[in-house]
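Inspection log for the structure reproduced underneath, given as structure tokens.
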Amino acid sequence: MSQHSMSKQQNRCGWSCEVFRSLIGLIGLDPSRSLNGHHVLQTGLNLIIVALESGAGYHIDKCDLLIPLIKDDLCYSLLQLMNASSIPTFMAVNRVFFLLFKSIRFHLKMQLECYCLKLNAFIANENPVKHDRDMKEKSLESLMNLCQLPGVVNELYLNYDCGVYCSNLFEDITQHLLWQFVPAPSKLSSAQIAAFHTLMSVVDAIEETSGNSQPSKLLLQHSSRVKISDDDQQNVLTMSQLNADGVAKWLRQNPYLDKCKIAEFLCSRKNADILKCYIFSIPLANTRLDKALRLLIETFRLPSESAEISKVLEYFSEHWFLSNNKPFEHVDAAFTLSYAIIMLNVDQHNPQVRKNQLPMTLEAFKRNLSGTHNGKDFDGTMLDEIFNSIKGEEILMPIEHNGLIRDKHLWCEMLRRAESDSEESKYISGLPLGWKNCEMFDIASNSIMVSLYYLLNNTTNEFLLTKALGGYYKCASIAACHGMSDVLDNLMEQLCKSNSLAVSSNEYSVYSFFWTRYVAPAITYPMGQEKIRVCAVQLVSQVFLRHLSALSNWRLFLA
């Protein structure tokens with residue numbers, strides 16, 4: 001590319017950035033602070049939608065200046081708007097996300113995870129209030145649209161469920177969809193219909209590629225990691241083949257672990273080497289001691305026992321002392337000051353302590369530390385800064401804050417993970433056909449079968465019934481392809497026990513169909529519900545004939 005062409009492209013990117021920055025400013029405004037706030041917000045969202053729908057979305061990845069703006073400011077503002085917004089705003093936000101994930105989701109791996117977790121939270125909400133029910137319905141529709149994008153279903157499983165430091169996104173989605181049918185609702189609603197269509201998108205994605213599975217070397221490396229469930233974490237972490245550095249790294253980088261459980265594990269006497277590796281993995285260079293303590297407490301909650309606190313601060317003081325070129329005469333001075341800062345934090349901010357005594361003053365703080373720096377006093381200016389910092393802002397795990405502080409911390413942590421050079425930050429797309437289909441279907445099969453059975457027995461809508469019968473046929477093909485005889489048996493048992501067959505007359509029984517197929521091939525198809533019953537009988541027979549060798553339960557056909 002010539003110098004002139006590069007200059008023109010940079011100018012275009014610069015203008016695009018300024019336009020997007022202005023639009024993000026519109027949707028980032030607090031609507032309650034302005035009479036026209038909601039109108040401005042909706043206008044900003046609509047303009048972003050127009051920009052993405054007009055084709056700009058497919059060229060965004062060519063503009064290096066624009067990607068960081070979208071990954072951070074735009075996505076953060078959109079996720080904030082999902083928390084408390086009107087239905088039109090919520091729908092517009094979902095539309096923007098859909099267009100972004102359609103075109104540049106390979107740049108937005110962590111953002112896609114945050115978005116899906118938000119949708120799952122709305123879907124799991126059982127509040128009967130109309131606004132919440134509407135939000136739930138729109139969330140299901142948005143999830144359905146997302147899963148209908150080519151390749152997305154398979155990508156969700158590989159990039160998240162197969163990752164060590166990500167949530168089980170595909171499994172969680174199918175589980176939340178299952179909850180729409182358990183317990184069985186009295187009547188079919190639009191929420192159940194959206195959940196059904198989403199599950200059928202999963203079936204379509206798996207069925208279209210079943211039987212073709214030649215994974216690349218990169219995919220083998222990515223998905224070969226073992227996913228660790230919450231119940232098995234402690235057992236896995238004590239396995240002898242995992243060294244202290246590896247366990248410490250896993251604990252530090254996994255955002256879904258309970259910080260209190262991490263502290264319990266690390267402070268166990270048998271895990272002292274892991275505790276040291278964990279603390280020494282925190283970057284503390286060129287950081288004042290109180291700020292370094294804040295960094296430490298961001299990663300896990302300090303234990304309550306004084307002996308355990310001392311052990312943590314012992315390793316912390318040593319690490320800080322060495323990382324900052326030994327600023328004190330001895331490492332013990334760093335330990336003493338660290339402990340004093342923790343006590344000052346409790347004194348200034350613990351309501352139980354403040355009931356019984358007045359908060360410590362600066363003079364008292366300095367007096368308590370007098371002569372503890374190898375027989376000398378600490379620098380007075382440094383102690384002033386530390387005292388004022390602790391008094392003004394409590395040392396507290398950001399996750400324990402409420403509102404904006406907590407959200408901003410979680411967002412910064414997500415961006416840090418997204419910008420790292422690890423494999424976990426890379427979004428893998430363009431998957432080989434059939435990759436991991438068997439595992440995906442095994443996870444989703446229960447949700448799919450429950451939804452199919454419910455639809456087949458609780459609706460008279462011919463389109464939905466036809467789609468449900470088609471879903472049964474596709475599921476049977478997938479199960480037979482992967483040798484899942486138990487799933488195939490359950491599918492056939494459900495189908496034979498459904499109202500479509502159980503209430504049918506002898507004229508349309510399974511036995512009758514076999515007889516007419518081979519003795520009198522001409523069948524007259526009635527209309528309406530009777531037509532569905534005939535189709536159901538045909539479906540059972542076709543599955544039986546096509547996947548005869550995969551069936552293990554013949555009771556239904558020999559009765």
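Evaluate the following for LEU117: is it surrounded by fewer than 18 Cβ atoms within 10 Å (Cβ to Cβ) and under 30 Å from LYS249 (Cβ atoms)? Yes; evaluated as a whole, the condition is true for this residue. For the stretch 101-147, filtered to residues that are basic (Lys, Arg) and in contact (Cβ under 8 Å) with a residue 24 or more places away in the chain, the residue that is nearest to VAL164 (Cα to Cα) is LYS109. Look at the stretch 338-359: where a residue is free of Cβ contacts under 8 Å to residues at least 12 places away in the same chain and a partner is among the polar types (S, T, N, Q), sitting 6+ places away or on another chain with Cβ atoms under 9 Å, you get MET343/ASN368; ARG354/GLN348. Residue pairs whose Cβ atoms lie under 6 Å apart, separated by 6 or more positions or on different chains, with the first residue in the stretch 362-389 and closer than 16 Å to TYR339 by Cβ and outside the structural domain of ILE342 (by TED's automatic domain parsing) and the second outside any helix (DSSP H, G or I) and not small (Gly, Ala, Ser), do not occur. Within the stretch 444-463, the set of residues being assigned to a helix (DSSP H, G or I), touching a residue at least 40 places away in the same chain (Cβ under 8 Å) and surrounded by fewer than 18 Cβ atoms within 10 Å (Cβ to Cβ) comprises ASN446, ASN457, ASN458, GLU462.
Across the stretch 154-185, the qualifying residues are those that are more than 21 Å from GLU413 (Cα to Cα) and among the charged types (D, E, K, R), and the one among them that is farthest from the chain's Cα centre (by Cα) is GLU155. Evaluating LYS408 against the criteria (1) basic (Lys, Arg); (2) surrounded by 12 or more Cβ atoms within 10 Å (Cβ to Cβ); (3) out of contact with any Pro (no Cβ under 9 Å at 6 or more places or on another chain) leaves one unmet condition, (3).
Can you work out which of the residues in the stretch 73-114 that are of a type in the set (A, V, I, L, M) and in a loop (DSSP other than H, G, I, E, B) is modelled with the highest pLDDT? Taking the candidates together, the pick is LEU108.
The values are calculated or read from the model by the stated rules, or taken from the named source; none is laboratory data. On a predicted model such as this, the values are computed, not experimentally measured, just so you know. Positions of Cβ are generated from backbone atoms using ideal geometry, with glycine treated the same way; all protein chains shown enter the neighbour counts.
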